[in-house]
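Asker: Before we start, here is the structure in question, set down as structure tokens.
The values are calculated or read from the model by the stated rules, or taken from the named source; none is laboratory data. Computed from a predicted model, the values in this text were never measured in an experiment. A quick note on method: Cβ atoms are made from the backbone with ideal geometry, for glycine too, and the neighbour counts reach across all protein chains shown.
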Amino acid sequence: MTSERTTIPDNGLAADLRTAPQIHREDSVQDAIIEDQYAHLVKTVRNYNPAADFIHIESAYHFAKRCHEGQRRKSGEPYIIHPLAVAQIVAEELKLDSESIEAALLHDCIEDTAATYADIARLFSPTVADLVEGVSKLTRIQYATKEDEQMENLRKMLIAMSKDIRVILIKISDRLHNMRTMEYQTPEKQKQKSFETMEIYAPIAHRLGMQKMKWELEDLSLKYLDPVGYREITEALDEKAAEYDGFMSAVHDRIVTRLKEEGIEATVYGRMKHPYSIYRKMYTQNKSLDDVFDLFAFRVIVDTVADCYNVLGIVHDLFKPILGRFKDYIGTPKPNMYQSLHTTVVGESGIPFEVQIRTKEMHEIAEYGVAAHWKYKQNGQGAGDEGRYEWVRRLLENQEDADAEDFIHSLKVDMFADEVFVFTPGGDVINLPAGATPIDFAYTIHSAIGNHMTGAKVNGRIVQFDYRLHNGDVVEVMTSKSAHGPSRDWVKIARSSNARSKIRQWFKREKRDENIVNGRSSFEAELKRTGVTLKELTNEENLPSVLKKLCFTSLDDMYAAIGYGGISALKVMGRLREDIQRILHQHQTERQAEVPVAGQPQLMRPAVPQRAKGEQGIVVEGLTNCLVKFSKCCTPVPGDDIVGFITRGYGISVHRADCPNADPARRKPEEAGRWIKVSWGSDTRESYRTSLEITAKDRINFIMDVSTVLSSTKTHVSSMNARSTPDGFVLLSLDIDVHDGEQLQTVMRRLEQISGVMRVTRPAG
């Protein structure tokens, strides 16, 4: 990328930018610290890039200092400390060009000050302005939900990233410094930012190959997400430091001695797994630190690829290799350009450890990812290979029609998941997200292949569409011109957003009329559960507000989107919550106008009764044609022992027999005659809503594991609410729809089998 840059004369713009307001005496110490920090930045840049444009860098510093004058961070220090620290990370850890340093210094000017894009483009360059704009958030736009705002911020950042990879490098540096100084934020803010970092920014760093920054982001996030777990791990590591150091020193010396004997020049060093990596092992596999054996990893850095394979033979001669734990990422590099040989071996003490073998160039890429590929010219311009970032554009295209939640979920899958490498019959390597199926493979080859797919062979054997591919599989797709296109079930089977997006596009294009019918049916079914009719919600008075909130131009467009999977009916209901509550409030007002006579239960229905679904399946002893409803305090389902209560004006309320509200000891004497016998009839309806509460150890991916169980049992979820406790647990409340007590028990048993789950209960009372 090139841009026109002008030299700033000392008596012109540069002099103007250096003009700072009169500083007070009490600020002189802080000002000296700031100047020292800037001098350190200049020294760092000069060490790796003597040809950098220091005039523009200095001008950017003074401009940012003036823009942020009077602003303070939560720590109380002048705000300019933050841009300087971000620029230092960009320089020291990523060694980027002059424009990147300038953009890092200016990265908050558009967002937090009166400075504009035009100002930065005029004073520095359009390229620097583009970088700053790409890093800035969309703070001036109002969004319907927090998820929408996050999606748009991510989408904007990815668009800028696809044009210039330096945008995301600066953004990650920005987030890293924010996490390093997170102790000054409120506990709520700490958790929010840490979760976002763990979910978005650390995995982006991984996708770009920036392992060193990824590890630090993960560890800092864990510190605030689970402070107890983090402290336990770090304290345990400190206690065993002497023991671990002794083991690592012995292994190091053995490898170095043998390599010298063989005449191989190499750098060897060992390291402990970082705390978050240990944390995942301990809490996902329910292990203690003593049970986690692969705590150690050694790196051997050599000059040539041939030396890599020679060292591998030597390591396997020194230590016993573990079968199935060897990976050759030199012959088959990862998509983020990572190359290395990995092997796991067992030492004489019986302790397993990993050895990574790579060249110096491979090591630079492994540590700094795409940043290691940035080239420097005399004018400070980078000559990066933009073709490497085509995957970003594809990712954006795949998510063009997705709503906020789907976008973020798919982003995580495509960018953050582990990969599986498979082969075409011709020997080409195709990388897919872990858990990918033949459907993902077919759509990765071409959308036409996927749309005409009739079957698949893996290693010469016919497999089902949901078969999970493994490393090294040879996959062959069988197609037919007479194929009618993909099945709707494929969206649930596919793992990659690329495949899901192309399937949705096919249905969107080919089945619009069918989508409208199916979408309307799904939406109306969800709406009925609330007690609001479709006619009430979409009348002339409400329709404009509804369409505006959903960002659709017509009801048919909304139905079509639901029908092809662009948005779920449940998600639509969430966005229309206010409108539904307003209509329900109107209903309540109308009912209150019909006050029943005191002491006269209104059990009889109107002359022409309209029997609702919620009334089916209950036999009331001694009564006919009466209004029946299920109590929300205990949510009974077929198979539960039940009892009925005659309410005033609302018919029979059905409780579980074990509900505290139905406990005979708590019944009022004057209401004794209102408790009656009820039983389940034969005409039970399709589904019943009930509630579950799950208590579990809080961990990453817990919600995803719960969702997987619910999906595998074909259980519809109407609501989900989770909260963390200070002692490291999570309390998850679910409202689900089940057919009967047998299905409910199956779901509860499956949930109890999830790692970390302490108990699953049905609340009552």
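Asker: What are the pairs, 6+ residues apart or on separate chains, where a residue within the stretch 476-500 that is surrounded by 15 or more Cβ atoms within 10 Å (Cβ to Cβ) has its Cβ under 6 Å from a residue that is of a type in the set (D, E)?
Answerer: From residues that are surrounded by 15 or more Cβ atoms within 10 Å (Cβ to Cβ), the pairs are I493/D466; A494/D440; R495/D440; S496/D440; S497/D414; A499/D440.
Asker: Within the group S496, S501, which residue is modelled with pLDDT under 80 and within 30 Å of H470 (Cα to Cα)?
Answerer: After applying the criteria, what remains is S501.
Asker: Among the candidates D303, D307, which residue alone is among the charged types (D, E, K, R), in contact (Cβ under 8 Å) with a residue 24 or more places away in the chain, in contact with a Lys or Arg (Cβ under 8 Å, 6 or more places away or on another chain) and more than 30 Å from I204 (Cβ to Cβ)?
Answerer: Testing whether each residue is among the charged types (D, E, K, R), in contact (Cβ under 8 Å) with a residue 24 or more places away in the chain, in contact with a Lys or Arg (Cβ under 8 Å, 6 or more places away or on another chain) and more than 30 Å from I204 (Cβ to Cβ) leaves just D303.
Asker: Still on this structure, I have one more. Looking only at the stretch 713-765, which residues are assigned to a helix (DSSP H, G or I) and among the small types (G, A, S)?
Answerer: The one that is assigned to a helix (DSSP H, G or I) and among the small types (G, A, S): G741.
Asker: Shifting gears a bit: Among the listed residues L584, L555, L570, identify the single one that is outside the structural domain of V628 (by TED's automatic domain parsing) and at pLDDT 80 or above.
Answerer: It is L555.
Asker: Would you be able to say whether some residue in the stretch 332-344 is touching a Pro at 6+ places or on another chain (Cβ under 6 Å) and either outside the structural domain of S249 (by TED's automatic domain parsing) or not in a strand (DSSP E or B) (or both)?
Answerer: Taking every residue of the stretch 332-344 in turn, at least one turns out to be touching a Pro at 6+ places or on another chain (Cβ under 6 Å) and either outside the structural domain of S249 (by TED's automatic domain parsing) or not in a strand (DSSP E or B) (or both).
Asker: Here's a follow-up. Might you let me know whether the stretch 325-338 holds any residue that is loosely packed, with under 15 Cβ neighbours inside 10 Å and under 29 Å from E92 (Cβ atoms)?
Answerer: Scanning the stretch 325-338 turns up at least one residue that is loosely packed, with under 15 Cβ neighbours inside 10 Å and under 29 Å from E92 (Cβ atoms).
Asker: Which one of these is under 18 Å from F319 (Cα atoms) and loosely packed, with under 12 Cβ neighbours inside 10 Å: E261, E235, E239?
Answerer: Only one candidate qualifies: E261.
Asker: Also: Taking into account only those residues within the stretch 536-546 that are more than 11 Å from V572 (Cβ to Cβ) and in contact with an Asp or Glu (Cβ under 9 Å, 6 or more places away or on another chain), which is surrounded by the fewest Cβ atoms within 10 Å (Cβ to Cβ)?
Answerer: S545
Asker: Determine, yes or no, whether A499 is touching an Asp or Glu at 6+ places or on another chain (Cβ under 7 Å) and either in a strand (DSSP E or B) or among the aliphatic types (A, V, I, L, M) (or both).
Answerer: yes
Asker: In the stretch 725-746, which residues are touching a residue at least 60 places away in the same chain (Cβ under 8 Å) and under 25 Å from R231 (Cα atoms)?
Answerer: D727, G728
Asker: Does R749 count as out of contact with any Phe, Trp or Tyr (no Cβ under 7 Å at 6 or more places or on another chain), free of Cβ contacts under 8 Å to residues at least 40 places away in the same chain and either basic (K, R) or not assigned by TED's automatic domain parsing to the domain that holds K492 (or both)?
Answerer: yes
Asker: Criterion first (part of a helix (DSSP H, G or I), under 22 Å from the mean Cα position of the chain (by Cα), at pLDDT 85 or above and not assigned by TED's automatic domain parsing to the domain that holds M198) does L710 satisfy it?
Answerer: Yes; evaluated as a whole, the condition is true for this residue.
Asker: So which residues in the stretch 98-141 are under 11 Å from D164 (Cβ atoms) and either out of contact with any His (no Cβ under 6 Å at 6 or more places or on another chain) or not hydrophobic (A, V, I, L, M, F, W, C) (or both), if there are any at all?
Answerer: E99, S100, A103, T127, V128, D130, L131, E133, G134
Asker: Is the stretch 310-317 home to any residue that is assigned to a loop (DSSP other than H, G, I, E, B) and out of contact with any helix residue (DSSP H, G or I) (no Cβ under 6 Å at 6 or more places or on another chain)?
Answerer: no
Asker: Here's something else I'd like to know. Quick check on this structure: which one of E77, E99 is over 13 Å from S125 (Cβ atoms), of a type in the set (D, E) and touching a residue at least 24 places away in the same chain (Cβ under 8 Å)?
Answerer: Result: E77 is the single residue among E77, E99 that is over 13 Å from S125 (Cβ atoms), of a type in the set (D, E) and touching a residue at least 24 places away in the same chain (Cβ under 8 Å).
Asker: Identify the residue in the stretch 295-314 that is closer than 11 Å to H342 by Cα, modelled with pLDDT of 90 or more and aliphatic (A, V, I, L, M) and, among all such residues, is farthest from the chain's Cα centre (by Cα).
Answerer: L312
Asker: Of all residues in the stretch 84-112 being modelled with pLDDT under 90 and part of a loop (DSSP other than H, G, I, E, B), which is farthest from the chain's Cα centre (by Cα)?
Answerer: Looking at the filtered set, the residue picked out is D97.
Asker: Separate question: Identify all residues within the stretch 567-576 that are under 15 Å from C551 (Cα atoms) and not hydroxyl-bearing (S, T, Y); write none if there are none.
Answerer: I567, A569, K571, V572, M573, G574, R575, L576
Asker: Which numbered condition in (1) among the β-branched types (V, I, T); (2) modelled with pLDDT under 80; (3) surrounded by 15 or more Cβ atoms within 10 Å (Cβ to Cβ) is the only one that T533 fails?
Answerer: Answer for T533: the failing condition is (3).
Asker: Identify all residues within the stretch 501-530 that are aliphatic (A, V, I, L, M) and either farther than 30 Å from H484 by Cβ or buried (at least 19 other Cβ atoms within 10 Å of the Cβ) (or both); write none if there are none.
Answerer: Once the filter is applied, which keeps residues that are aliphatic (A, V, I, L, M) and either farther than 30 Å from H484 by Cβ or buried (at least 19 other Cβ atoms within 10 Å of the Cβ) (or both), the stretch 501-530 yields I503, I516, L527.
Asker: Taking the stretch 426-452 as the search range and keeping residues that are within 26 Å of the chain's Cα centre (by Cα) and part of a strand (DSSP E or B), which one is surrounded by the fewest Cβ atoms within 10 Å (Cβ to Cβ)?
Answerer: Restricting to residues being within 26 Å of the chain's Cα centre (by Cα) and part of a strand (DSSP E or B), the top hit is N431.
Asker: Please work out which residue is farthest from E216 (Cα to Cα), limiting yourself to the stretch 113-131 and to residues that are at pLDDT 90 or above and charged (D, E, K, R).
Answerer: Checking each candidate, the answer is R122.
Asker: Looking only at the stretch 458-475, which residues are under 10 Å from P438 (Cα atoms) and surrounded by 12 or more Cβ atoms within 10 Å (Cβ to Cβ)?
Answerer: V458, V463, F465, D466, Y467, R468, L469, V475 - these are the residues of the stretch 458-475 that are under 10 Å from P438 (Cα atoms) and surrounded by 12 or more Cβ atoms within 10 Å (Cβ to Cβ).
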